[in-house]
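Okay, structure first, notes after.
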Amino acid sequence: MQFKRKAPRIEMREHPLYCFHAFLRCPSFTAADDAFDPVLDTTGEKVLRGAQYHILPTIHGNGGGLIVASQFSGRTCQRVTIVQDSNEANKGLPLSFSPATNDHVVQVATDLNIKYSINKVCHHTPVWRFDANDHARGPYFVTLGGVEGNPGRETLSNWFKIQKFEDAYKLQYCPTVCGTCRVICRDIGIVLDHGNRRLALSDRPFKVIFKKA
């Protein structure tokens, strides 16, 4: 696949917690440069709403697909984060995409939910979310426990985007489902944490491809 480079992205360098608690006085952002551009899988086919895919790294020898990891405090499961499997042969868990627009084809730079094809883990739904209340200064991890659908200010943490990146793609947190909300725009990368390669907001994007499950 060959893609033209997109224009530099606009970032808000506000603290995530501030952004989530200042809904009524916040501008919104759009990414019109990549609008109406379908995301393609490894066979060149359009990525479809509700179909099952594996998110894989483009670099061989750099780990496998994406799985989940539960974190406990005593016997209590506090959160479930998204991690990259260290075994390159493991494609990870299959997942699906649900655009906020209800389009059948997944488009570049549009808001979407990402959902694993599994049941709840530690009572957390299989929908991805950005954990804004993670730490005072980050890293801000991607976890399970999101809400599917219902785009708006109450669900800001559940919306992600797929953006073109070099000759492949990257994941991004930059929701535009609330027209009066200030948000942050950050890429999703890999952060090493207690021996795990967790997905988190990062200045170094995780370069990925989408393989149909």
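The values are calculated or read from the model by the stated rules, or taken from the named source; none is laboratory data. Everything quoted here is computed from the prediction, not taken from an experiment. Here Cβ is always computed from backbone atoms with ideal geometry, including for glycine, and neighbour counts include all displayed protein chains.
Identify all residues within segment 196-208 that are part of a strand (DSSP E or B) and under 13 Å from the mean Cα position of the chain (by Cα); write none if there are none.
Of segment 196-208, the ones part of a strand (DSSP E or B) are 196-202, 208.
198, 199, 200, 201, 202, 208, listed by residue number.
Do the conditions hold for residue 193, that is, is it under 15 Å from residue 39 (Cβ atoms) and charged (D, E, K, R)? Spelling it out, it is not the case that residue 193 is under 15 Å from residue 39 (Cβ atoms) and charged (D, E, K, R).
Pairs meeting the criteria (first residue in segment 35-54 and over 12 Å from residue 211 (Cβ atoms) and without any contact (Cβ under 8 Å) to a residue 60 or more places away in the chain, second residue part of a loop (DSSP other than H, G, I, E, B) and of a type outside the set (A, V, I, L, M), beta carbons under 7 Å, at least 6 apart or on different chains) are 48/104; 49/103; 49/104. When segment 167-192 is filtered for residues that are touching a residue at least 60 places away in the same chain (Cβ under 8 Å) and among the acidic types (Asp, Glu), only 167 remains.
If the condition is being within 13 Å of residue 82 (Cα to Cα) and at pLDDT 90 or above, then segment 94-123 contributes 94, 95, 114, 115, 116. The residue that is surrounded by the most Cβ atoms within 10 Å (Cβ to Cβ), among those in segment 164-182 that are farther than 17 Å from residue 127 by Cα and touching a helix residue (DSSP H, G or I) at 6+ places or on another chain (Cβ under 7 Å), is 181.
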